[in-house]
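A.B. asks: Dumping the structure here so I can ask a few things about it.
Taken together, the values in this text are just the output of simple stated rules run on the coordinates, not laboratory data. None of the values given here were measured: they were computed from a predicted structure. Cβ atoms come from the backbone with ideal geometry, glycine included; neighbour counts cover every protein chain shown.
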Amino acid sequence: MKVLVIGAGNMGLTYAEGMSKSKLLKKRNIMVLDKSEEKLEALNQISHFDAFKELDECVPQADIIFIAVKPYHAEGLFKAIKSLVKPQQIIISIMAGVTIATIKEITGLEKIVRAMPNLPAQIGKGLTSYVTSDEVSRIEMLTIESLLDTTGKSIRVSNEKLIDASTGISGSGPAYVFYFMQSMMEAALQMGFSKNDSTVLVSQTFTGAIELFNQSNLSPNSWMDKVASKGGTTRAALDSMEDNNVNELIKEAAFSAFNRAVELGKEH
Ligand SMILES: NC(=O)c1ccc[n+]([C@@H]2O[C@H](COP(=O)([O-])OP(=O)(O)OC[C@H]3O[C@@H](n4cnc5c(N)ncnc54)[C@H](OP(=O)(O)O)[C@@H]3O)[C@@H](O)[C@H]2O)c1
């Protein structure tokens, strides 16, 4: 199997590296194409990929074409590959807002996967949600899933609306976590800790809490009940959050991202 990654930016390289490290593909079976000279020069220094600048040199050889350019480059790119593609080829697109129908219409291909990754993919801890067109077979889907899993975990969703929804949860979600961390670090500074100590206090608290959660079968609510005793310090903090409707505000924020993803999809 040969995979071609088009767009050697943050995400394209993350997946190319993930696939390469996973040993799912034989060496030299990962091709990477970018139009920028600077990126090509950098790619040529990486010995485990074959770098390309011209579509006709690599598109016909690929079994799977992984598209990782910005959404506004999609139309031009799809028009350029239309005459080079073959019906059995599979396109995996991670472009936000570009629908399966659009990809089918412009490329003429039928086997399409639309995926939504998130930033922790860069360290192998990502979450990619994906949906496939009906023409992708079950065996092909398993192959695709193992390729996506090389940057973390993946979940298959049943329709494209859930891809927009996952943008609001896992796609934009790392920023919500950073927001919470930032607030806690500011509180620690105001309480008198140094910047360095504030960072360690907060990051280790997040790491520990997530590990506890991952190693148990308990829900976040059950863990809160375990930590917070009546009349205690944690209960005081949780009551303050409840009084200020923080739970509803977080949900509202996630829905804002979801709605924006839908809007961006319409623009494309
Ligand atoms: N970053 C994230 O966390 C994230 C999360 C979810 C989804 N995504 C999606 O991932 C995609 C890539 O994002 P990114 O942050 O990796 O972008 P990026 O760093 O800008 O990388 C895109 C690369 O593709 C190149 N390119 C553009 N048009 C091309 C063409 N026709 N042929 C070959 N190469 C071309 C660009 O070159 P130039 O710079 O010269 O234009 C750039 O090197 C986007 O569609 C985004 O919606 C990203």
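A.B. asks: Given an 8 Å cut-off on Cα distances and at least 6 residues of separation, report the relative contact order of the chain as a percent.
C.D. replies: Once normalised by length, the contact order is 15 percent.
A.B. asks: Normalised by the empirical 2.2 N^0.38 Å for globular proteins, what value does the Cα Rg of segment 5-67 take? If you can, show how the numbers build up before the last one.
C.D. replies: Details: Rg = 10.5 Å, N = 63, 2.2 N^0.38 = 10.6 Å.
Ratio of Cα Rg to 2.2 N^0.38 Å: 0.99.
A.B. asks: Taking the simple approach of a point 7 Å from Cα along Cα-to-Cβ for both R235 and A253, what is their distance in nm?
C.D. replies: Taking the simple label geometry, R235 and A253 are separated by 2.7 nm.
A.B. asks: Follow-up. Which percentage, to the nearest 5, of the DSSP beta bridges contained in segment 87-185 is antiparallel? Could you put the intermediate results ahead of the total?
C.D. replies: Details: 4 of 12 bridges.
Given both bridge residues lie in segment 87-185, the antiparallel proportion sits at roughly 35 percent.
A.B. asks: Shifting gears a bit: Enter the mean projected area of the convex hull around the alpha-carbon atoms of the chain, in nm², rounded to one decimal.
C.D. replies: Over every viewing direction, the Cα hull of the chain projects on average to 17.0 nm².
A.B. asks: Using only helices, what value at 222 nm comes out for the chain when you add -39,500 (n - 2.57) per DSSP H run of length 4 or more and divide by the total residues, to the nearest 500 deg cm²/dmol?
C.D. replies: Mean residue ellipticity at 222 nm (helix-derived): -16000 deg cm²/dmol.
A.B. asks: Within straight cross-link reach of K21, meaning Cα distance under 12 Å, which aspartates and glutamates are found once same-chain residues fewer than 8 apart are removed?
C.D. replies: Qualifying aspartates and glutamates at Cα under 12 Å: D149.
A.B. asks: Given N residues in segment 44-121, what is its alpha carbon radius of gyration divided by 2.2 N^0.38 Å?
C.D. replies: Relative to the 2.2 N^0.38 Å estimate, segment 44-121 comes out at 1.11.
A.B. asks: Taking each pair of distinct Cα atoms in segment 171-268 once, what is the resulting Kirkwood hydrodynamic radius in Å?
C.D. replies: 15.8 Å is the Kirkwood radius here.
A.B. asks: Separate question: Within segment 77-157, report the trypsin sites (Lys or Arg not before Pro) that DSSP leaves as loop and that have at most 16 other Cβ atoms within 10 Å.
C.D. replies: Taking segment 77-157 and a limit of 16 other Cβ atoms within 10 Å, the loop trypsin sites (Lys or Arg not before Pro) found are K82, K125.
A.B. asks: Same structure, new question: Quick check of the Kirkwood formula: for segment 134-207, what is the inverse mean of 1/r over all pairs of different Cα atoms, in Å?
C.D. replies: It is 15.4 Å.
A.B. asks: Turning to a different aspect of this structure: Among T102, T150, which comes first, second and so on when ranked by fewest other beta-carbon atoms within 10 Å?
C.D. replies: The fewest-first ordering by Cβ neighbours comes to T102, T150.
A.B. asks: Remind me, relative contact order of segment 23-162 in percent, using alpha carbon pairs under 8 angstrom and six or more residues apart?
C.D. replies: Rounded, it is 16 percent for segment 23-162.
A.B. asks: Out of segment 141-248, which chymotrypsin sites (Phe, Trp or Tyr not before Pro) are coil in DSSP terms and have no more than 16 other C-beta atoms within 10 Å?
C.D. replies: F193
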